[in-house]
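J.: Quick one: the structure is below, and I'll ask about it shortly.
The values are calculated or read from the model by the stated rules, or taken from the named source; none is laboratory data. On a predicted model such as this, the values are computed, not experimentally measured, just so you know. All Cβ positions, glycine included, derive from the backbone under ideal geometry; neighbour counts span all protein chains shown.
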Amino acid sequence: MGVRLIPNETVPASVYKHLLPHETSVLTVRFHPAVLIRPVAEVLGGLALAGLLSTTIASPYGIAVLIIWILWLVLVGRLLVKIYAWLEDYFVVTSQRVLLATGIFNRTVNMMPLTKVTDMSFRRSAMGRLLGYGEFVVESAGQDQALRRVDHLPYPEQLYLEVCGLIFKGGDSDD
């Protein structure tokens, strides 16, 4: 089965600039497109509601109909922002660290050294199994961290094996 993991040569510039000079990206993935299901459903539901309301509401100046369609355009704008965020957010595993780069206006890059990972698992809900995504749960010694839960990752089994392979390889050698 082929995997659509992004090779090192195509690491996006928004992620590549956060890599250290001595580390290489092992894999880079976007979140699963399932994160867009709810915003798309809201736009489609809003369209149906706006169409229904605009045909049933009679206004002498059409101001109510105008407001309904402006509210629908707000939903469309919100969807476009979510799509752009989906295009810019990445989960990255390097030879040294696990990174989570998110955000459009306020870019946040959370990271954890592979050597600090004490436990890692993944979960798949029924919807995740159906659509092909899962959630990583990453534990480190002693403290709560920003990378504790990473949801909507595609190919969770494969990512899990890749990261575990790096952690155990890193534990056997002194870099």
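J.: Check Met112 against each of (1) closer than 29 Å to Val43 by Cα; (2) surrounded by 16 or more Cβ atoms within 10 Å (Cβ to Cβ); (3) aliphatic (A, V, I, L, M); (4) at pLDDT below 90 and name the one condition it does not meet.
T.: Just one mismatch for Met112, condition (1).
J.: Would you confirm whether any residue within segment 65-88 is modelled with pLDDT under 90 and assigned to a strand (DSSP E or B)?
T.: Within segment 65-88 (the criterion being modelled with pLDDT under 90 and assigned to a strand (DSSP E or B)), the answer is no, since none of the residues qualifies.
J.: Go over the candidates Val163, Val98 one by one and state the one that is part of a helix (DSSP H, G or I), under 21 Å from Glu23 (Cβ atoms), modelled with pLDDT under 90 and within 18 Å of the chain's Cα centre (by Cα).
T.: Numbers: Val98 fails: part of a helix (DSSP H, G or I).
Answer to the check: Val163.
J.: Within segment 13-61, take every residue that is part of a loop (DSSP other than H, G, I, E, B) and hydrophobic (A, V, I, L, M, F, W, C) and give me the one that is modelled with the highest pLDDT. Please lay out each step first, then the result.
T.: Residues of segment 13-61 that are part of a loop (DSSP other than H, G, I, E, B), as a first pass: 17-24, 31-32, 57-61.
Applying the additional criterion that residues be hydrophobic (A, V, I, L, M, F, W, C) yields 19-20, 31, 57-58.
Numbers: Leu19: 82, Leu20: 83, Phe31: 94, Ile57: 81, Ala58: 69.
The extreme case among them is Phe31.
J.: Just for segment 14-54: of the residues that are touching a helix residue (DSSP H, G or I) at 6+ places or on another chain (Cβ under 7 Å) and free of Cβ contacts under 8 Å to residues at least 24 places away in the same chain, which one is surrounded by the most Cβ atoms within 10 Å (Cβ to Cβ)?
T.: By that ranking, first place goes to Ala50.
J.: From (1) β-branched (Val, Ile, Thr); (2) loosely packed, with under 12 Cβ neighbours inside 10 Å; (3) in a loop (DSSP other than H, G, I, E, B), pick out the condition that doesn't hold for Thr118.
T.: So Thr118 meets the others, but not (3).
J.: Give just the number: which of (1) surrounded by 20 or more Cβ atoms within 10 Å (Cβ to Cβ); (2) under 16 Å from Val35 (Cβ atoms) does Ile83 not satisfy?
T.: For Ile83, the failing item is (1).
J.: Of these, Ile57, Ile167, Ile63, Ile70, which one is within 27 Å of Val43 (Cα to Cα) and either in contact (Cβ under 8 Å) with a residue 40 or more places away in the chain or surrounded by 12 or more Cβ atoms within 10 Å (Cβ to Cβ) (or both)?
T.: On the way: Ile167 fails: within 27 Å of Val43 (Cα to Cα); Ile63 fails: either in contact (Cβ under 8 Å) with a residue 40 or more places away in the chain or surrounded by 12 or more Cβ atoms within 10 Å (Cβ to Cβ) (or both); Ile70 fails: either in contact (Cβ under 8 Å) with a residue 40 or more places away in the chain or surrounded by 12 or more Cβ atoms within 10 Å (Cβ to Cβ) (or both).
Every option except Ile57 fails the conditions.
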